[in-house]
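Q: I'd like to ask some things about the structure below.
The values are calculated or read from the model by the stated rules, or taken from the named source; none is laboratory data. Computed from a predicted model, the values in this text were never measured in an experiment. All Cβ positions, even for glycine, are placed from backbone atoms using ideal geometry, and neighbour counts span all protein chains on display.
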Amino acid sequence: MKPLLLYDDEQVVLARRLGRLAGYALRRIEHKRFPDGESLIRVRAPLNKRRVVILSALDRPDPKLFPALLAAAACRDGGARHVTWLVPYLPYMRQDKAFRSGEAVAARVWARVTSQHMDRVVTVDPHLHRIHDLQTIFQVPVHVVSAMPAVARFIHRRLKAPVVIGPDVESKQWVSQVAAMENLDVHVLKKHRVSGTRVRVRWEVPAELKRRTFVLIDDIIASGGTMAEVIRQLKRSGCRKIVCIGVHPVFAAGAEQKIRRAGASAIVSCNTLPHSTNRIDMASLLAPTLRQLGSSS
Ligand code: R5P
């Protein structure tokens, strides 16, 4: 019997592509909410001795976490041999320390809970800042897939005279990979965070670059503050073509408008989360990992 890929309604597009490419049977997780807000989860598929992957879109994670854990429990109770959680966007990773006394380190709590319920985690370009290695916080194997080959391919095919910009030092890991793959100029800027939604970036753009296509690459677009601030800087320096690429299109309310108002020529994202800006498909990069998981004994 084929391994099973379970998905929620949000991830149907990615699930269908992955099912085809990786050779999985597909099944939607049935999810009902009672009037009091509690969830009822049902997995209607043969589970005994089967390898199962649960695909979740974990932006706005809190109401989705418990239903996913129930789905994992349903698989185990039905006799599944191995349950992998495919969470292309790994939430809570920016809360990687207690910034003030009395706060929990959410990234560690989330990793601990996940490790109790899943046998393995597969994710895409997690936000690693103060935690450098996911294996130090998860007690189950974590497999990280990079979106950068797909981002590099998109730039190669669609953009003329690109120069790659990392909005902050953390983005260096991604922009330097893309630049190396396509042999592009790259600049990493310094970002100063003023508040949860406001940041400050300063950069005097060298005159010889101003007519190029500026490709801003970041892992997460959340409030849109980072992208908008870099765009404003570039515009002030006379740059015209500015394309924003985000791996994880979290997009808090108003974020997309904020970036467009700042003057983005285009906003593009990977389909780690479903969003109208999805142009870069992750299925072909995720499929080899799933194929391997589905066939191991
Ligand atoms: C933080 O360092 C991340 O890499 C992103 O730059 C950040 O999460 C973007 O958030 P926002 O869209 O809220 O500025």
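Q: More than 22 Å from HIS156 (Cα to Cα), over 18 Å from the mean Cα position of the chain (by Cα) and within 16 Å of the ligand (Cβ to nearest atom): which single residue out of ARG232, ARG291 fits that description? Full working, then the answer.
A: On the way: ARG291 fails: within 16 Å of the ligand (Cβ to nearest atom).
When all the criteria are applied, what remains is ARG232.
Q: From ARG236, ARG260, which residue is modelled with pLDDT of 95 or more and surrounded by fewer than 21 Cβ atoms within 10 Å (Cβ to Cβ)?
A: On the way: ARG236 fails: modelled with pLDDT of 95 or more.
Checking each option against the conditions leaves just ARG260.
Q: Further, regarding this structure: Show the residue pairs meeting these rules: Cβ distance below 7 Å; 6+ apart or different chains; first residue within the stretch 243-268 and touching a residue at least 60 places away in the same chain (Cβ under 8 Å) and under 17 Å from ARG232 (Cβ atoms); second residue more than 12 Å from the ligand (Cβ to nearest atom) and not hydrophobic (A, V, I, L, M, F, W, C).
A: Listed pairs, sorted by first residue: VAL243/THR213; VAL243/SER265.
Q: Considering the stretch 117-137 alone, what residues qualify as being within 16 Å of the ligand (Cβ to nearest atom) and charged (D, E, K, R)?
A: Hits for the stretch 117-137 are ASP125, ARG130.
Q: Still on this structure: Can you find a residue in the stretch 197-215 that is crowded, with 21+ Cβ neighbours inside 10 Å, near the ligand (Cβ under 10 Å from one of its atoms) and not acidic (Asp, Glu)?
A: The first filter runs over the stretch 197-215 and keeps only residues crowded, with 21+ Cβ neighbours inside 10 Å, leaving 214-215.
Restricting the remaining residues to those that are near the ligand (Cβ under 10 Å from one of its atoms) gives none.
Within the stretch 197-215 (the criterion being crowded, with 21+ Cβ neighbours inside 10 Å, near the ligand (Cβ under 10 Å from one of its atoms) and not acidic (Asp, Glu)), the answer is no, since none of the residues qualifies.
Q: Just checking: which of the strands (runs of 3 or more DSSP E) contained wholly in the stretch 149-242 hold 1 or more residues that are of a type in the set (A, V, I, L, M)? Walk me through it before giving the result.
A: On the way: elements: 162-166, 185-188, 191-193, 199-201, 213-221.
Where strands (runs of 3 or more DSSP E) fall fully within the stretch 149-242 and carry at least 1 residues being of a type in the set (A, V, I, L, M), they are 162-166, 185-188, 199-201, 213-221.
Q: Based on this model, can you work out whether ALA228 counts as out of contact with any strand residue (DSSP E or B) (no Cβ under 7 Å at 6 or more places or on another chain) and under 22 Å from VAL164 (Cβ atoms)?
A: Details: out of contact with any strand residue (DSSP E or B) (no Cβ under 7 Å at 6 or more places or on another chain): yes; under 22 Å from VAL164 (Cβ atoms): yes.
Yes.
Q: Sort through LEU70, LEU47, LEU40 and tell me the only one that's aliphatic (A, V, I, L, M) and surrounded by fewer than 13 Cβ atoms within 10 Å (Cβ to Cβ). Walk me through it before giving the result.
A: Values: LEU70 fails: surrounded by fewer than 13 Cβ atoms within 10 Å (Cβ to Cβ); LEU47 fails: surrounded by fewer than 13 Cβ atoms within 10 Å (Cβ to Cβ).
The conditions single out LEU40.
Q: THR277 - would you say it is among the polar types (S, T, N, Q) and either modelled with pLDDT of 95 or more or over 26 Å from PRO88 (Cβ atoms) (or both)? Let's see the steps before the verdict.
A: On the way: among the polar types (S, T, N, Q): yes; either modelled with pLDDT of 95 or more or over 26 Å from PRO88 (Cβ atoms) (or both): yes.
It is true that THR277 is among the polar types (S, T, N, Q) and either modelled with pLDDT of 95 or more or over 26 Å from PRO88 (Cβ atoms) (or both).
Q: Moving on to the next point. Are any of the residues in the stretch 162-182 away from the ligand (no atom under 16 Å from the Cβ) and on the phi > 0 side of the Ramachandran plot? Walk me through how you get there before you give the answer.
A: Looking only at the stretch 162-182, we keep the residues that are away from the ligand (no atom under 16 Å from the Cβ), and these are 162-163, 179-182.
Keeping just the survivors that are on the phi > 0 side of the Ramachandran plot gives none.
No, because not a single residue in the stretch 162-182 is away from the ligand (no atom under 16 Å from the Cβ) and on the phi > 0 side of the Ramachandran plot.
Q: When the residues of the stretch 243-257 are narrowed to those that are part of a helix (DSSP H, G or I) and more than 8 Å from the ligand (Cβ to nearest atom), which ends up surrounded by the fewest Cβ atoms within 10 Å (Cβ to Cβ)? First the steps, then the outcome.
A: Quick first cut of the stretch 243-257, residues part of a helix (DSSP H, G or I) only: 255-257.
From the residues that got through so far, the ones that are more than 8 Å from the ligand (Cβ to nearest atom) too are 256-257.
On the way: GLU256: 21, GLN257: 12.
For the stretch 243-257, the residue satisfying everything is GLN257.
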